[in-house]
Amino acid sequence: MLIHTEIADKAKMSPTGLILHGLLKVMAANFNYRSALKRYLITSDGPLNFAIGIRTESGSVFSGIVFREGAVSIVRGMPNRADAVIRFRTDTAVRKLLGGTSTDQIYMILKNEARVDGSITYLNLFAFLLSLLINKKQIKLMEKERNNAQKSLLKKAPDARKDLSDELSSRRKLRLKCVKIDAGVQYLEDPYLPDYSLDSFPRLKKILDIHLTVKPEVCPEIPRLVTEWHRKNGFEIDNNGHPYIPVMRKALAYKYLMENRKPIIGDDSLIAGTTTSKKIGCPLYPEGSAVIIWNELITMPYRTYNPFDISEETRELLHNDIFPYWIKRNFREWVRGKYNNPLCQQIDERFALYFNWKVATISHTIPDFPKILRLGTSGIIAEIKTELERETNPERKATLESMVLCLEGLTAYSKNLSRQALKDAAAEKDPGRRAELETLASICEHVVENPARTLEEAVNSMWITWVGLHMESMNAGLSLGRLDQWLQPYFVADMEKIKSKSAREAYIHHALELIGHFYMRCTDHFPLTPDLANFYFGGSSSDQAITLGGITPEGKDAVNDMTYIFLKVTEILSIRDPNVNARFMPGVNSDTYLKRLCEVNLITAATPSMHNDAAIISSLSNMNYDIQDIRNWSATGCVEPTLSGKHIGHTNMQMMNMVAALEMAMNNGRHPLTDWKLGPDTGVVARGDFKTFDDFFDAFTEQFKFIIDQSIEYNHMLAEAHQYLRPTPLLSSLIDDSIRKGLDVTKGGAKYNSSGTAIIGLADVTDSLMVIKKLVYDDEKIPFMDLKRAVDTNFENDPALLALVQKKVPLFGSGSEEAVAMANRIAKWAHDYYGGLPHYRGGRYTTGFWSMSTHVAFGTLTGALPSGRLAGKPFTPGLTPQPFASKSLLDNIRDVAKLDPLNLNNNIAFNVKVVPSAGDSREKTVDDMFSYVKTYFELGGMQIQLNVVTSDMLKDAMAHPENYRNLLVRISGYNAYFVTLNRDMQLELIERAEYGI
């Protein structure tokens, strides 16, 4: 809690300050004298007691509002012990906040025109109370903003380009036939399955339409039941006054949740269970990021990007009962309270240098699905009880007992689903559907408790387990793994029992529909994100990664029947989630398989992402992992490698803005946007402190060290918060070695431990350093101080220098060996520094170069760069070269492929926008795509993702979104529907280099 005792000087207060002070008085009067509002000040936990300060840096605005014991008062100055202080740079910023749209306000925060000192949670509570007064105005402004934006787009493009939208949809009408069948394919006569389309599966078509049209709704089920249990049984201490062992407390609450949550069989679904109680729901995780949406409880359904419905009942429940209980029992505020709002947390909450994902979750991993399929919960419980018999350590015993409780809770949920299926069957009039429900009842009675015997049982067992895991920890980034490998034995066993050709064809149809239903079940939930997240991670869903193909743990070709069944479902549904990733091992996997990957990518426009097994395996070779486990890797979240069922890699630990270190090196430790002197003194450009290029490179790495060290310190604090607030005993029971060690995975129970960073801006930093090296030092064409002056003024007075920078310096992606060497130097430094830092779970930190969509957000927060990139423009996505680096895609491919995979052990995102020639046949287009991808892999490239769309198509989709509701695009590691993205992200996709093939 911050302490403020300053008193305002009335004479120094500006007219804006006086107006704001008056408005706060009006707010206080409304809450003090209107009973309809006053009731919001008293919750199940008693009165909301907190204080908020509002000021400008100059003191021209200097007021506070205090909520105490159900009353509101205003102070002229900063309240004593203010929980949060909003600091504005200027009076103009204050007026903008008062009269702007929510988007304006978000950009104010992003641009650091306003910042918060102290508790974001209490600020959000204050914003909610304010919204009770002004929500009609807020909603009207949101609607006006949307309407104006759409009018502007329609003015530029009044007529829809039906030829473009038709071209996209026509891709589904042509399908290649397979020429040569892979050795691992046993039963599919044509693995490409060209005779099937979405029209072959009417139920899937109906469910897909629901997915694309129904607005997600906030679901309070998890926090309602969990809070209910804690109110009865305590949190910090139990009913006997003893401190809880956190993992045991979590398990008891989890079991209560699973026993009491609503069992639902979705309409027409072949799979039992749902993530929420809504048709499409947004679950809330109270100890994580739930309270971050407090301020949006009224306006959320009306926001421009990714709006969510919320019922009045849910709104009242969250404000009155749930959020007050968790107001300090969430990761952010727990760290703030224990460590007194540390600097590392303050930096994170400025949003410009790094973002640590542990504020929400540690979910990026792959559970051991083969284990639950092989043993069922009963078999795993038996394994745990064997360990318990010889365990003497009290904490380890409690951890093992907690795993048992969670597995019992999962079993209870499955049994409840069985009973529900029987009830639904009794009420069902259609005999065919009644039979399906009766089958589901039988399946759920058997699994998850017992081993799966058929493909239907295996898929249902996995889904029920998946729901259970999402009840324990946030639905973001937890990934599904190598489903084709794990389900192939069940497919084969089923097919072996079928003798006639017609029956086998019917079974293949059923298998396709079953996997299609699994995909659509994965869309029954959406992460609940604040509006701010739409500008950082816009369009991102839960990113439930599925990994296909590649090689087996023994190094053999892993492509099989189920690989192609999953690819067919990916093709016909063309949805953003699950996030499909495909492995390819040159020399082992077939051209037939790679061509099919390219064809699916062409039809869907953006998926799957393709990975070179040889490069990924090489990147992990220095991690002391068993080679068979490395070969069994799966993509997690976006693209990051995780060793399936054995590894807690938290591969999306943080999004790191490496460009910030470059800016700080040019400004002697000051970050320009935040105007904050954070880093060490490393030299002043104007003073001539950098005698050589290496002097400046050292300054850059010193600033980067400072930022990394701060981010890792915060990561460790948040990790401690997770260990106390949200252990994960169910997940631990499904990660190898956790049972043997008797340790929760949040404490290092997994066989392998690591944490992965996503470093944003490799191409931008490489190109900027190349400009400095070549023009300032090697060729001596311009003094460093002149280059810095041009950068500081966004090149407005230096057009000739801008042209020189962009056209005469060899950039990464241009075919320059020197630029590649620079990129490798930077990547190696980052890899080595991160890898040498102590890791709280005993593992190592890994480095990746992908960006989700933060290359847009961080770019918005960054000034001009020596590379010639102008202020506010996006960085390149992942490590993709600049659009102007070369007109040749082969230059891009060669340079990216030359990056040393050892420095990229958390993978990369190489984004390429390709455009087929209009007159080419399907065979020619796929062959061309195949040739580029295979060449890239043979050169050593690690990962590639293709957007097969034109800029004109994307422009038409901006103006006429109704014609492109499921237009898929790859951002940087994940898929999104283009029409759900914010305008900056849409423009970034449009402005990417476009290569004809």
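The values are calculated or read from the model by the stated rules, or taken from the named source; none is laboratory data. On a predicted model such as this, the values are computed, not experimentally measured, just so you know. When we count neighbours, we look across all protein chains shown, and the Cβ atoms used for this are built from the backbone with ideal geometry, even at glycine. Side chains are part of the model used for accessible areas, which takes the heavy atoms of the whole protein and leaves out ligands, DNA and RNA. Shrake-Rupley method; radii C 1.70, N 1.55, O 1.52, S 1.80 Å.
Yes/no matrix, rows are residues, columns are (1) of a type outside the set (Val, Ile, Thr); (2) crowded, with 23+ Cβ neighbours inside 10 Å:
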position: Met258; (1), (2): yes, yes
position: Asp268; (1), (2): yes, no
position: Val291; (1), (2): no, yes
position: Trp294; (1), (2): yes, yes
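From the set of residues in the range 120-161 that are over 25 Å from Ala29 (Cβ atoms) and of a type in the set (Ser, Thr, Tyr), which is most open to solvent (accessible area, probe 1.4 Å)?
Ser152
Would you point out the residue of the range 329-357, among those that are within 26 Å of Gly669 (Cβ to Cβ) and acidic (Asp, Glu), that is surrounded by the fewest Cβ atoms within 10 Å (Cβ to Cβ)?
Glu349
Residues that are open to solvent by 10 Å² or more (accessible area, probe 1.4 Å) and aromatic (Phe, Trp, Tyr): does the range 577-588 have at least one?
Scanning the range 577-588, I find no residue that is open to solvent by 10 Å² or more (accessible area, probe 1.4 Å) and aromatic (Phe, Trp, Tyr), so the answer is no.
Taking into account only those residues within the range 648-689 that are open to solvent by 10 Å² or more (accessible area, probe 1.4 Å) and in contact with a strand residue (DSSP E or B) (Cβ under 6 Å, 6 or more places away or on another chain), which is nearest to Ala360 (Cα to Cα)?
Here the answer is Leu678.
Inspect all residues belonging to the range 417-425 and state whether any of them is surrounded by 19 or more Cβ atoms within 10 Å (Cβ to Cβ), under 21 Å from Leu487 (Cβ atoms) and in contact (Cβ under 8 Å) with a residue 40 or more places away in the chain.
Yes, that holds for at least one residue.
Here are some residues: Gly919, Gly843, Gly868, Gly859. Which one is over 14 Å from Ala763 (Cα atoms) and open to solvent by less than 30 Å² (accessible area, probe 1.4 Å)?
Answer to the check: Gly843.
Val926 versus (1) without any contact (Cβ under 8 Å) to a residue 40 or more places away in the chain; (2) over 29 Å from the mean Cα position of the chain (by Cα): which is the lone unmet condition?
It is condition (1) that Val926 fails.
Given (1) of a type in the set (Gly, Ala, Ser); (2) surrounded by fewer than 24 Cβ atoms within 10 Å (Cβ to Cβ); (3) in the same structural domain as Met656 (by the TED database); (4) in contact with a helix residue (DSSP H, G or I) (Cβ under 8 Å, 6 or more places away or on another chain), where does Ala885 come up short, assuming only one miss?
(2)
In the range 804-823, which residue that is hydrophobic (A, V, I, L, M, F, W, C) and open to solvent by 40 Å² or more (accessible area, probe 1.4 Å) is farthest from the chain's Cα centre (by Cα)?
Ranking the candidates gives Leu804 first.
Quick one: would you say Tyr974 is among the aromatic types (Phe, Trp, Tyr) and touching a helix residue (DSSP H, G or I) at 6+ places or on another chain (Cβ under 8 Å)?
Answer is no for this residue.
I'd like the residue in the range 968-980 that is in contact with a strand residue (DSSP E or B) (Cβ under 8 Å, 6 or more places away or on another chain) and closer than 15 Å to Met953 by Cβ and, out of all such residues, is surrounded by the fewest Cβ atoms within 10 Å (Cβ to Cβ).
Here the residue is Tyr977.
Checking the conditions here, which among Thr692, Thr766 is closer than 25 Å to Lys808 by Cα, polar (S, T, N, Q), open to solvent by 10 Å² or more (accessible area, probe 1.4 Å) and in contact (Cβ under 8 Å) with a residue 40 or more places away in the chain?
That would be Thr692, the only listed residue that is closer than 25 Å to Lys808 by Cα, polar (S, T, N, Q), open to solvent by 10 Å² or more (accessible area, probe 1.4 Å) and in contact (Cβ under 8 Å) with a residue 40 or more places away in the chain.
Kindly indicate whether Arg55 is in contact with an Asp or Glu (Cβ under 8 Å, 6 or more places away or on another chain), surrounded by 16 or more Cβ atoms within 10 Å (Cβ to Cβ) and in the same structural domain as Lys140 (by the TED database).
no
Anything in the range 350-405 that is without any contact (Cβ under 8 Å) to a residue 40 or more places away in the chain, in a helix (DSSP H, G or I) and of a type in the set (S, T, N, Q)? List them, or say none.
Thr386
If I ask for residues that are hydroxyl-bearing (Ser, Thr, Tyr) and touching a Ser or Thr at 6+ places or on another chain (Cβ under 8 Å), which ones from the range 303-325 would you list?
Quick first cut of the range 303-325, residues hydroxyl-bearing (Ser, Thr, Tyr) only: 304-305, 311, 314, 325.
Matches in the range 303-325: Thr304, Tyr305, Tyr325.
What pairs come out if I take residues in the range 799-828 that are on the phi > 0 side of the Ramachandran plot and pair them with residues that are in a helix (DSSP H, G or I) and open to solvent by less than 40 Å² (accessible area, probe 1.4 Å) whose C-beta lies under 8 Å away, six or more apart or interchain?
Taking only residues 6 or more apart or on different chains, the pairs are Gly813/Ala763; Gly813/Ala819; Gly813/Asp891; Gly813/Asn892; Gly813/Asp895; Gly813/Val896; Gly815/Asp891; Gly815/Asp895.
Among the residues that make up the range 162-184, is at least one of them loosely packed, with under 12 Cβ neighbours inside 10 Å and of a type in the set (Asp, Glu)?
So far as the range 162-184 goes, yes, one or more of its residues are loosely packed, with under 12 Cβ neighbours inside 10 Å and of a type in the set (Asp, Glu).
Go through the range 353-368 and count every residue that is touching a Leu at 6+ places or on another chain (Cβ under 6 Å) and within 16 Å of Gln544 (Cα to Cα).
3
Hey, among the residues in the range 62-81 that are in a loop (DSSP other than H, G, I, E, B) and at pLDDT 95 or above, which one's most open to solvent (accessible area, probe 1.4 Å)?
Glu69
Please verify whether the range 892-907 includes one or more residues that are open to solvent by 10 Å² or more (accessible area, probe 1.4 Å), assigned to a loop (DSSP other than H, G, I, E, B) and closer than 30 Å to Met108 by Cα.
Looking for residues that are open to solvent by 10 Å² or more (accessible area, probe 1.4 Å), assigned to a loop (DSSP other than H, G, I, E, B) and closer than 30 Å to Met108 by Cα, one finds none in the range 892-907, hence no.
Does the range 363-377 contain any residue that is at pLDDT below 95 and under 32 Å from the mean Cα position of the chain (by Cα)?
There is at least one residue in the range 363-377 that is at pLDDT below 95 and under 32 Å from the mean Cα position of the chain (by Cα).
Would you call Leu37 modelled with pLDDT of 90 or more, open to solvent by 20 Å² or more (accessible area, probe 1.4 Å) and outside any loop (DSSP other than H, G, I, E, B)?
No.
Buried (at least 18 other Cβ atoms within 10 Å of the Cβ) and either touching a His at 6+ places or on another chain (Cβ under 7 Å) or outside the structural domain of Phe67 (by the TED database) (or both) - does that describe any residue in the range 98-105?
The answer is no, given that none of the residues of the range 98-105 is buried (at least 18 other Cβ atoms within 10 Å of the Cβ) and either touching a His at 6+ places or on another chain (Cβ under 7 Å) or outside the structural domain of Phe67 (by the TED database) (or both).
So, Leu775, is that one under 28 Å from Lys887 (Cα atoms), over 36 Å from the mean Cα position of the chain (by Cα) and open to solvent by 20 Å² or more (accessible area, probe 1.4 Å) or not?
Considered against the rule, which asks whether it is under 28 Å from Lys887 (Cα atoms), over 36 Å from the mean Cα position of the chain (by Cα) and open to solvent by 20 Å² or more (accessible area, probe 1.4 Å), Leu775 comes out as no.
Select, from Gly549, Gly538, the only residue that is in contact with a helix residue (DSSP H, G or I) (Cβ under 8 Å, 6 or more places away or on another chain) and either closer than 20 Å to Gln186 by Cβ or open to solvent by 10 Å² or more (accessible area, probe 1.4 Å) (or both).
After ruling out the rest, the residue left standing is Gly549.
Among the numbered conditions (1) over 30 Å from Gly742 (Cα atoms); (2) of a type outside the set (Ser, Thr, Tyr); (3) open to solvent by less than 40 Å² (accessible area, probe 1.4 Å), tell me where Leu284 comes up short.
(1)
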